[in-house]
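S.K.: Right, I'll just put the structure down here and ask away after.
The values are calculated or read from the model by the stated rules, or taken from the named source; none is laboratory data. Please read these numbers as outputs of a predicted model, since none were measured by experiment. Counting neighbours? That spans all protein chains shown, and the Cβs are built from the backbone with ideal geometry, glycine included. Side chains are part of the model used for accessible areas, which takes the heavy atoms of the whole protein and leaves out ligands, DNA and RNA. Shrake-Rupley method; radii C 1.70, N 1.55, O 1.52, S 1.80 Å.
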Amino acid sequence: MARIVILTGAGISAESGIRTFRAADGLWEDHRVEDVATPEGFARDPELVLRFYNERRAAAAAAEPNAAHRALAALEADGRHEVLVVTQNVDDLHERAGSRALIHMHGTLTGALCAACGARWPAPAVMRVTDPCPACAARAARPDIVWFGEMPYRMEEIWAALRAADLFVSIGTSGNVYPAAGFVADARHAGVETLELNLEPSMGTRFFDAARHGPATQVVPDWVAAMLA
Ligand code: OAD
């Protein structure tokens, strides 16, 4: 029984048709990140930000989990190893594939959050600036997503799991955004074995004990098969 902490990023959902963040033009779906993924951007133009995430939510709902998401769910369901998936992705493809021990450290498109009182509720398919908060009635509904300048969710729990792990696996993430980009160093510091599975070497590839490069739908099922052999 190995304790395995798995970090996933946009690369695991790429073959489900969801675009990754760091395209060559530096834009995210034709928008500047400052406009759509910061509290300041939301304060300036909430309508634009809600519309942007309504589009992302529709795209995620139309996408299907792929063989990589399914392989991670199968690894957990097998029960031979204790598996925790920590995802930076705001889509729900891991849970739809069957992953149960799952932390959405950057939040999720399926959640709404009141910017006035902090209440949370399930996001409707289309969020509007006029939606009242079910708790305080303020018209300040935002997606329950962690933006730049905000603290990712459940960090203490993630760091504790990392320190207690036997193996840390990073899948489909460029290693550009902290604190997730620092997990490999945190794991190494705690004496945890580290493995990268990515299309190409990431920013931090040299920090990993081992790496396998290729599309997630190939390298992830191959690795899971080896773990269950
Ligand atoms: P990035 O877009 O930065 O990186 C995606 C990584 O996936 C790259 O290293 C690609 O080489 C790799 N990749 C692409 N296609 C792949 C495939 N088919 N199989 C395997 N790997 C593939 O996305 P993230 O690292 O997830 O934060 O970005 C981290 C955070 O930055 C996001 O969570 C988001 C963003 O700003 C917030 O929104 C707060």
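S.K.: In region 190-207, is there at least one residue being within 13 Å of the ligand (Cβ to nearest atom), at pLDDT 95 or above and at positive phi?
M.R.: Within region 190-207, not a single residue is within 13 Å of the ligand (Cβ to nearest atom), at pLDDT 95 or above and at positive phi.
S.K.: Still on this structure, I have one more. For region 41-60, what are the residues that are free of Cβ contacts under 8 Å to residues at least 60 places away in the same chain and open to solvent by 60 Å² or more (accessible area, probe 1.4 Å)?
M.R.: Passing the criteria: ALA43, ARG44, ASP45, ARG51, GLU55.
S.K.: Which pairs turn up if I take residues in region 151-172 that are away from the ligand (no atom under 14 Å from the Cβ) and look for partners that are at pLDDT below 95 with beta carbon separation below 9 Å, at least 6 apart in sequence or on another chain?
M.R.: ASP166/MET1
S.K.: Residue check: is VAL90 in a strand (DSSP E or B), surrounded by 18 or more Cβ atoms within 10 Å (Cβ to Cβ) and within 16 Å of the ligand (Cβ to nearest atom)? Show your work before the answer.
M.R.: Working: in a strand (DSSP E or B): no; surrounded by 18 or more Cβ atoms within 10 Å (Cβ to Cβ): yes; within 16 Å of the ligand (Cβ to nearest atom): yes.
Answer is no for this residue.
S.K.: Say we look at region 208-229 and pick out the residues that are assigned to a loop (DSSP other than H, G, I, E, B) and either within 10 Å of the ligand (Cβ to nearest atom) or at pLDDT 95 or above (or both); which of these is nearest to ALA37 (Cα to Cα)?
M.R.: Within region 208-229, the subset assigned to a loop (DSSP other than H, G, I, E, B) is 208-209, 214-215, 228-229.
Within this subset, residues satisfying the condition of being either within 10 Å of the ligand (Cβ to nearest atom) or at pLDDT 95 or above (or both) are 208-209, 214-215, 228.
Working: PHE208: 29, ASP209: 33, GLY214: 29, PRO215: 27, LEU228: 39 Å.
Among those that are assigned to a loop (DSSP other than H, G, I, E, B) and either within 10 Å of the ligand (Cβ to nearest atom) or at pLDDT 95 or above (or both), it is PRO215.
S.K.: Name, by its number, the condition in (1) in contact (Cβ under 8 Å) with a residue 40 or more places away in the chain; (2) in contact with a helix residue (DSSP H, G or I) (Cβ under 9 Å, 6 or more places away or on another chain); (3) within 15 Å of the ligand (Cβ to nearest atom) that does not hold for LEU75.
M.R.: Of the numbered conditions (1) in contact (Cβ under 8 Å) with a residue 40 or more places away in the chain; (2) in contact with a helix residue (DSSP H, G or I) (Cβ under 9 Å, 6 or more places away or on another chain); (3) within 15 Å of the ligand (Cβ to nearest atom), the odd one out for LEU75 is (3).
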